[in-house]
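The values are calculated or read from the model by the stated rules, or taken from the named source; none is laboratory data. This is a predicted model, so every value here is computed, not measured. Positions of Cβ are generated from backbone atoms using ideal geometry, with glycine treated the same way; all protein chains shown enter the neighbour counts.
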Amino acid sequence: MKSFLVIGMGRFGIHLCRKLAELGNQIMAVDEREEALEDVLPIVTGAKIGDCTRTDVLKTLGVDNFDYCFVCVGENFQSSLEITDQLKELGARYVISKAARDIQAKFLLRSGADEVIYPERDLAERIANRCSANHVFDYIELTHDCSIYEIKPLPEWIGRTVRELDIRARYHVNILGIKNGERTDFSVHPDSGFQEGDHAFVMGNQEDVFKLLRRIDGKR
């Protein structure tokens, strides 16, 4: 269990609080509008009404006691910059700030953010990758060059094992897991096999994975 300070109860901030609570973490939610906190009151450890661009408000929160501080202020970028800067000045351990554009990320990093996230961009890219190719059921980007794809196995994989198929050497991807219905097995070993209806979690670069997907469609 970890402790989180989440500043800004817009849509992203609320969804973040809900998921963090679901995972059993302690959460302090802050917003300058009382009505913005109403949806998260039943699930957070604490909540405070306050303008976090003010140093005296941040000081009352004990920001150095949290494992992570999230700055989810989306509409006022100047406020996001000021809050990020002051959190680091007050000794926050790790600050994650929300950005909408690269230029915002650049200034947030200069203001002390340890990490910058792009929720809208990341979601758009995930949907674009999933919808641009047949047989992709989910997609997680790890780095610019490497991602995890949930895909339909090739027809010739059915009834055969990872060892027999020599997947890594032939297709330049790694099999991380095999899913069948609601059950997913991430302890894949050379003798793991594929059955009808399985999904495979493969990790690799986009070029190699898309070559694999074209083979599923019968294209080379």
Looking at ARG11, ARG18, which one is within 17 Å of the chain's Cα centre (by Cα), in contact (Cβ under 8 Å) with a residue 12 or more places away in the chain and surrounded by fewer than 16 Cβ atoms within 10 Å (Cβ to Cβ)? ARG18
Could you list all residues from the stretch 184-209 that are within 22 Å of the chain's Cα centre (by Cα) and surrounded by fewer than 16 Cβ atoms within 10 Å (Cβ to Cβ)? THR184, ASP185, PHE186, ASN205
Of the conditions (1) under 23 Å from the mean Cα position of the chain (by Cα); (2) crowded, with 18+ Cβ neighbours inside 10 Å, GLU82 clears all except one; give me its number. (1)
Condition check for ASN180: over 19 Å from ILE127 (Cα atoms), touching a His at 6+ places or on another chain (Cβ under 8 Å) and either surrounded by 13 or more Cβ atoms within 10 Å (Cβ to Cβ) or among the polar types (S, T, N, Q) (or both): yes
Applying the selection to the stretch 106-123, what residues are modelled with pLDDT of 90 or more, part of a helix (DSSP H, G or I) and buried (at least 16 other Cβ atoms within 10 Å of the Cβ)? PHE107, LEU108
Given (1) in contact with a strand residue (DSSP E or B) (Cβ under 8 Å, 6 or more places away or on another chain); (2) closer than 18 Å to MET1 by Cβ; (3) without any contact (Cβ under 8 Å) to a residue 40 or more places away in the chain, identify the lone condition not met by ALA47. (2)
Can you name every residue in the stretch 88-107 that is closer than 13 Å to PHE4 by Cβ and in contact with a strand residue (DSSP E or B) (Cβ under 7 Å, 6 or more places away or on another chain)? ALA92, TYR94, VAL95, ILE96
Scan of the stretch 134-147 for residues that are aromatic (Phe, Trp, Tyr) and closer than 12 Å to VAL209 by Cα, ordered by number: TYR139
Can you tell me how many residues within the stretch 1-52 are touching a Cys at 6+ places or on another chain (Cβ under 7 Å) and aliphatic (A, V, I, L, M)? 10
Whichever residue in the stretch 148-191 is among the hydroxyl-bearing types (Ser, Thr, Tyr) and out of contact with any strand residue (DSSP E or B) (no Cβ under 6 Å at 6 or more places or on another chain) and, among such residues, is farthest from LEU213 (Cα to Cα): SER187
Tell me which helices (runs of 4 or more DSSP H) are completely within the stretch 10-102 and hold 2 or more residues being under 13 Å from ALA113 (Cβ atoms), or say none if there are none. 77-89
Which condition does GLY91 not pass, out of (1) surrounded by 14 or more Cβ atoms within 10 Å (Cβ to Cβ); (2) without any contact (Cβ under 8 Å) to a residue 60 or more places away in the chain; (3) in contact with a helix residue (DSSP H, G or I) (Cβ under 8 Å, 6 or more places away or on another chain), if it passes all the others? (1)
